[in-house]
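The values are calculated or read from the model by the stated rules, or taken from the named source; none is laboratory data. Source: prediction; values computed, not measured. Cβ atoms come from the backbone with ideal geometry, glycine included; neighbour counts cover every protein chain shown.
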Amino acid sequence: MRAAAILALVLLAPQVADAQRTLLRRPYAESYRLNYGFDHNGGGGCSDYDCGGACYNGHTGSDFGTPFGTTVLAGADGRVTARNDGCANYGSYGNTCGGRCGNYVQLEHADGSRTIYCHMRSGSLRVSVGDRVSCGQPLGQSASSGSSTGPHLHLGWRPSASGASDDPFAGACGGPVSLWVEQRAYREAPSTSCRACTPSPEVCGGGDDDCDGAVDENATDEVCGGGDEDCDGATDEHARAELCNGADDDCDGTVDESDVCEVRLLHRAPAAYAAPTSTDVDGDGDADLCARGYSGIRCWLREGDGWPAVWDGPAWGDESGWDDVTNFATVRMADVDGDGLADVCARGNRGMYCARSNGEGFDDAALWLEALSDAEGWDAPGHYTTIRLADIDRDGDADLCARGPGGLDCWRSDGASFGERVQGPRWSDELGWGAAKHYGTIRMADLDGDGRADVCARAVAGWRCHLATDEGFGDAIEGPALTDDAGWGDRRYWSTLRLADFDADGRPDLCGRDAEELFCVRADGAGGFGERVPAAALADESGWGDESNYATVRAGDLDGDGADDLCVRANQGVRCYAYDGAAFRRIEGPAWSDDDGWNAARFHQTMRVVDSDGDRLADVCARAAAGWRCHPSTGDGFGAAVTLNEMTDEGGWDALRYWSTIQSASRTCTVGVERCDGVDDDCDGAIDEHPVDETCDGADEDCDGAIDEGDVCAMEAPDAGAPVGDGGVPPSAEPAGGLAPTCTCRVGAGSGPAGAPWLALVALLFRRRRRS
Amino acid sequence: MRSLCLLLVLLGCSEPPSPAREALTQPAAPSVAADEVLLDQRGDARIVGRVEPAPPNGDPDRVLTLRGAGLDGRRALDARFVGDRIVVLDSDHVLRVIDDAGEVELDRAVEAPLSVAGGAVAYVRGEMPFFEAARAVPATGEVTAVADSIRPAWSPALSPDGARMVFATSATGRPRLYLPGRGYVDAPRVPTSPGGPVWLGDTLALADEAGVAFVDLSTGQVVRDEPELTELVATADGAVLARRGDAYEVIR
């Protein structure tokens, strides 16, 4: 086959030397490998370019493992010479449509060579015959049309219109010269670069410095603009939008003003301040891994020791405008329809969209709320970064909350849309909440154990919480004095604030880092906070004021004791801190050091503490250049990395618009007492189980829809012991979500004290996760 | 006795005539295994192909392991009776003619499916996807390109007398039918099934992802739709069979 191609080359005029050949880039953005290569064996059997067996007899192209819907990119500049659109998306083994190629695009390149892209998606083709296309330009999407046994991209190459097909890969059994800009390891996807390039950090200069095929990418929020501003004080003709780079880009005499660095930080870490409550999309109890790639949302399903299956979610791809930070920074995951499966939502320009998991994939995305639109000003970071999904009404559906110009509002989920609006705290722009140091601290968790997510944030005068009620949100409850005056307006501190239950009492506490240390403040279970407990001396003086360190504070239960432990990345690697009831002890984490490049935001900001393998111990995971990796917790340390060769730098995931959207979270549940309320209050996976006889306690124990009916209070009062507050069950001994405080009588003197510790034990055992 | 007959059929031998069979005006419609396809039938002789398993997410040739008509074990893409000969499109894409004198190579770089009528065989050839249509006469070895400017061509069908041809093409950017000498026919359905279409008078019986359809070659309209049926077989006996599950039934 190769010989035939060479012969054709010789016969054709003008001849093209290999050195003059048009070189190809990878015809898609992701890192999908070569499934089956060109067959270089003229007889039976097959031999790929490296003399391996990754091919089949007579194969005249390269089959890349692109899933359905992957955007197919032009391998080089060229002109469209043929196309076909109209074959079914799924052909079959031996299907003849489109000459077996299904829907296709053929390009002619400058050297006369031709590339053809087969098995594409019907209706997806974006070019017409005669169109000029540039290297990397989208041509359409991949599918399985024509003769195809499943979604993939067949790339064919021939040296001329009449030349025989040949292999662009070079190898011992292939050609002597690769036709790729950069051919990589055996069967790995070639480079995404359109031309030979020596990579260097991307800077604003109109060039593709990092050789990724994009020019000045991430200019507003990554590396572009570093210190090369040129304000001459006269005409300021070089003025441009201020960037976080230590320079006065807009020539106004100030550096990095207007929260540019704060907003950049928020863009980098949405999963830290708006953490998903679950990413278990298939309901098997494992934390799956989801993120937005070039073509849209994709989930890798965790099972056993790896991520063997992939789901493609909503097509929130770059081509449809989702590469806009005001959109991709709002990707959130939670169970919005109460079916136990994690769904995915995000803000489009018209409003909030969600795609529900159906257990076998995602339904089509739908507009759940026609609000939060660009037209209403929600494309401002002070608004779109505050979007949260949390269950404020205890119905099992995660609701939508966000801070608009007038304050925080929530919209209740009805399982199919976000409907009724609930007014939250009036954290308005007018009152100063338009500053990142305030809106950037909005956190939601169930502080009082009633099953409703409450909301907190840092005001000028300190931490404030508002408890969710049946009607909306209550008044502000003052928390720790994390005031502006005390320096908490500095992003090195406020950005580290987390609600995490460090002491396993079932109530989220407030943890964070100030100039001296990492610490937690105990919650009182009623929205307030008390004792401060030091966790670790992470002082600015010792370098912890570096964003690559302080911005990595994460929480998760590493040792299965029911408490959230804290992890943070030092220059030498990750350190974790677990509370043992008296003090925090240190656990060494993965050695993700500066020397190994982990001080780059695209790596350390992807750090997640999540039970990825279902053993009830949270693992430490992050994206490295070579892809996703999780170090499984052993309880007092971490094992060797389990890796997924996806989300690699090579696959283009070093761009903020992709890596910042990574979501991975164990299914969490805040344990309470099971009530007859249609909710799994005790986190055991069952709803309203074990109805018992009604007692006088303000709850519906027998699940008949009535509370304290049948004169139970009148009957039991004579036998009741001392009223609560007078020697009865002390509030602090009750488990989270404990008995409603509205009833003034108890079943019996002994039942409260005996029952409360038992419930607390149950709470500890079942806390955090429920499994199907 | 019946078991013996079945065994003989499986071995490609002629089944002894039985009164019941002799009463039929059409040949029997056979059943095959789920991974088998019927390629042709002449009297009691059948050519059956077992579809070799394919790797996922690729586009390998659909190779069949043949049985019957003395072709047992041969790996091929298609095979048909043509008069007293057999044409076999082997897995190396070489079209060969087999007769009493032996085997003769007829053409190369040939793709399935084949269409046989009037002593001729139609097919497409070339390199994916820009195949051209061709017509060969096995008795003489004559091979002729047909409308070679219309590419890609696929799934050709010869008219009942073997004189004319229709095939599908995407030469204009979308799948259409093309009749050399007459031009394009816009039809909502075009043949895409591994089994080829069958030209029946004024209509073309074809199979695609949606089942079997009968398309009026004058208007392009679908005049009959059989979504439960899949592959078509035009047998050397003159019958047209279609597959329903693992069995074939006579549709004409």
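Condition check ((1) of a type in the set (Gly, Ala, Ser); (2) farther than 30 Å from B:Ala187 by Cβ) across all residues:
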position	(1), (2)
A:Ala29	yes, yes
A:Leu34	no, yes
A:His40	no, yes
A:Thr81	no, no
A:Leu107	no, no
A:Arg114	no, no
A:Met120	no, no
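Looking only at the range B:148-203, which residues are β-branched (Val, Ile, Thr) and either out of contact with any Ser or Thr (no Cβ under 8 Å at 6 or more places or on another chain) or in a strand (DSSP E or B) (or both)? If you could, list the steps in order and put the result at the bottom.
Taking the range B:148-203 as the starting set, the residues that turn out to be β-branched (Val, Ile, Thr) are B:150, B:166, B:169, B:172, B:185, B:190, B:192, B:198, B:203.
Within the range B:148-203, B:Val166, B:Thr169, B:Thr172, B:Val185, B:Val198, B:Thr203 qualify.
Tell me, which residue of the range A:457-497 that is part of a strand (DSSP E or B) and over 30 Å from the mean Cα position of the chain (by Cα) is surrounded by the fewest Cβ atoms within 10 Å (Cβ to Cβ)?
Restricting attention to the range A:457-497, the residues satisfying the condition of being part of a strand (DSSP E or B) are A:457-459, A:462-468, A:473-478.
From what's left, over 30 Å from the mean Cα position of the chain (by Cα): A:474-478.
Numbers: A:Gly474: 15, A:Asp475: 10, A:Ala476: 16, A:Ile477: 19, A:Glu478: 14.
Restricting to residues being part of a strand (DSSP E or B) and over 30 Å from the mean Cα position of the chain (by Cα), the top hit is A:Asp475.
Surrounded by fewer than 16 Cβ atoms within 10 Å (Cβ to Cβ) and either at pLDDT 95 or above or not basic (Lys, Arg) (or both): is that true of B:Gly173 in this structure? Steps first, answer last, please.
Working: surrounded by fewer than 16 Cβ atoms within 10 Å (Cβ to Cβ): yes; either at pLDDT 95 or above or not basic (Lys, Arg) (or both): yes.
Taking the combined requirement at face value, the residue satisfies it.
Could you say whether any residue in the range A:503-510 is hydrophobic (A, V, I, L, M, F, W, C) and either at pLDDT 95 or above or farther than 29 Å from A:Ala476 by Cβ (or both)? Walk me through how you get there before you give the answer.
So the first thing to find is which residues in the range A:503-510 are hydrophobic (A, V, I, L, M, F, W, C), and the list is A:504, A:510.
Next, from what is left, pick out any that are either at pLDDT 95 or above or farther than 29 Å from A:Ala476 by Cβ (or both): A:510.
Yes.
Please note which strands (runs of 3 or more DSSP E) are completely contained in the range A:565-677 and include at least 1 residues that are aromatic (Phe, Trp, Tyr). Spell out how you get there, then give the answer.
On the way: elements: A:565-569, A:574-579, A:584-588, A:608-610, A:619-624, A:627-631, A:642-644.
Here the list reads A:574-579, A:584-588, A:627-631.
Would you please name the residue that is surrounded by the fewest Cβ atoms within 10 Å (Cβ to Cβ), looking only at residues in the range A:104-124 that are of a type outside the set (Val, Ile, Thr) and facing another protein chain (nearest Cβ under 9 Å)? Before the answer, list the steps.
Keep residues of the range A:104-124 that are of a type outside the set (Val, Ile, Thr), which gives A:104, A:106-114, A:117-124.
Narrowing the set further to residues that are facing another protein chain (nearest Cβ under 9 Å) leaves A:104, A:106, A:118-119.
On the way: A:Tyr104: 30, A:Gln106: 23, A:Cys118: 31, A:His119: 35.
Only one residue fits best here, namely A:Gln106.
Does the range B:47-65 hold any residues that are surrounded by fewer than 23 Cβ atoms within 10 Å (Cβ to Cβ) and closer than 23 Å to B:Val250 by Cα, and which are they?
Passing the criteria: B:Arg50, B:Val51.
With the condition kept exactly as written, say whether any residue in the range A:137-158 is without any contact (Cβ under 8 Å) to a residue 12 or more places away in the chain, of a type outside the set (Phe, Trp, Tyr) and within 11 Å of chain B (Cβ to nearest Cβ).
Going residue by residue through the range A:137-158, those that are without any contact (Cβ under 8 Å) to a residue 12 or more places away in the chain are A:150.
Applying the additional criterion that residues be of a type outside the set (Phe, Trp, Tyr) yields A:150.
From what is left, the residues that are within 11 Å of chain B (Cβ to nearest Cβ) are A:150.
Looking through the range A:137-158, at least one residue is without any contact (Cβ under 8 Å) to a residue 12 or more places away in the chain, of a type outside the set (Phe, Trp, Tyr) and within 11 Å of chain B (Cβ to nearest Cβ).
List pairs: first residue in the range B:142-159 and more than 12 Å from chain A (Cβ to nearest Cβ), second residue of a type in the set (Lys, Arg) anywhere in the structure, Cβ distance under 6 angstrom, at least six positions apart or on different chains.
Within 6 Å, the pairs are B:Thr144/B:Arg135; B:Val146/B:Arg135.
Do the conditions hold for A:Ala287, that is, is it at pLDDT below 95 and either crowded, with 23+ Cβ neighbours inside 10 Å or among the charged types (D, E, K, R) (or both)? Spell out how you get there, then give the answer.
Numbers: at pLDDT below 95: yes; either crowded, with 23+ Cβ neighbours inside 10 Å or among the charged types (D, E, K, R) (or both): yes.
Against the criterion (at pLDDT below 95 and either crowded, with 23+ Cβ neighbours inside 10 Å or among the charged types (D, E, K, R) (or both)), A:Ala287 qualifies.
Identify all residues within the range B:176-213 that are of a type in the set (A, V, I, L, M) and more than 11 Å from every other protein chain (Cβ to nearest Cβ); write none if there are none. Outline the logic, then answer.
Of all residues in the range B:176-213, those of a type in the set (A, V, I, L, M) come to B:177, B:179, B:185, B:187, B:190, B:198, B:200, B:204-207, B:210, B:212-213.
Answer for the range B:176-213, where residues must be of a type in the set (A, V, I, L, M) and more than 11 Å from every other protein chain (Cβ to nearest Cβ): B:Leu177, B:Leu179, B:Val185, B:Ala187, B:Val198, B:Leu200, B:Leu204, B:Ala205, B:Val212, B:Ala213.
Would you mind stating whether B:Gly118 is small (Gly, Ala, Ser), away from every other protein chain (no Cβ under 14 Å) and surrounded by fewer than 20 Cβ atoms within 10 Å (Cβ to Cβ)?
Working: small (Gly, Ala, Ser): yes; away from every other protein chain (no Cβ under 14 Å): yes; surrounded by fewer than 20 Cβ atoms within 10 Å (Cβ to Cβ): yes.
In short, yes.
Among the residues of the range A:504-539 satisfying the criterion of being of a type in the set (Lys, Arg) and part of a strand (DSSP E or B), which is surrounded by the fewest Cβ atoms within 10 Å (Cβ to Cβ)?
Our first condition is that a residue be of a type in the set (Lys, Arg); within the range A:504-539, this holds for A:507, A:513, A:522, A:532.
Remaining after also requiring part of a strand (DSSP E or B): A:513, A:522, A:532.
Values: A:Arg513: 28, A:Arg522: 18, A:Arg532: 13.
Among those residues, the one meeting the criterion is A:Arg532.
For the range A:31-54, give me each residue that is at the interface with chain B (Cβ under 9 Å from one of its Cβ atoms) and crowded, with 24+ Cβ neighbours inside 10 Å. Write out each step before concluding.
First, the residues of the range A:31-54 that are at the interface with chain B (Cβ under 9 Å from one of its Cβ atoms): A:35-36, A:43-44.
Answer for the range A:31-54, where residues must be at the interface with chain B (Cβ under 9 Å from one of its Cβ atoms) and crowded, with 24+ Cβ neighbours inside 10 Å: just A:Tyr36.
Of the residues in the range B:51-91, how many are in contact with a strand residue (DSSP E or B) (Cβ under 9 Å, 6 or more places away or on another chain) and closer than 30 Å to A:Ser142 by Cα?
16
Please find, among A:Ala402, A:Ala371, the residue that is surrounded by fewer than 24 Cβ atoms within 10 Å (Cβ to Cβ), more than 17 Å from the chain's Cα centre (by Cα) and not in a helix (DSSP H, G or I). Steps first, answer last, please.
On the way: A:Ala402 fails: surrounded by fewer than 24 Cβ atoms within 10 Å (Cβ to Cβ).
Of A:Ala402, A:Ala371, the one residue that is surrounded by fewer than 24 Cβ atoms within 10 Å (Cβ to Cβ), more than 17 Å from the chain's Cα centre (by Cα) and not in a helix (DSSP H, G or I) is A:Ala371.
Do we have B:Ala145 as part of a strand (DSSP E or B) and over 21 Å from B:Leu232 (Cβ atoms) here? Give the steps one after another, and end with the answer.
Working: part of a strand (DSSP E or B): yes; over 21 Å from B:Leu232 (Cβ atoms): yes.
Spelling it out, B:Ala145 is indeed part of a strand (DSSP E or B) and over 21 Å from B:Leu232 (Cβ atoms).
Return yes or no: is A:Gly61 at pLDDT 95 or above and over 18 Å from B:Met128 (Cα atoms)? Spell out the reasoning first.
Values: at pLDDT 95 or above: yes; over 18 Å from B:Met128 (Cα atoms): no.
So A:Gly61 does not fit the description; no.
For residues that are part of a strand (DSSP E or B) and among the acidic types (Asp, Glu), scanning just the range A:405-436, find the one that is nearest to A:Asp337 (Cα to Cα). Spell out how you get there, then give the answer.
Going through the range A:405-436, the residues part of a strand (DSSP E or B) turn out to be A:407-413, A:418-423.
Checking which are among the acidic types (Asp, Glu) leaves us with A:409, A:420.
Values: A:Asp409: 19, A:Glu420: 15 Å.
Once the filter is applied, the top-ranked residue is A:Glu420.
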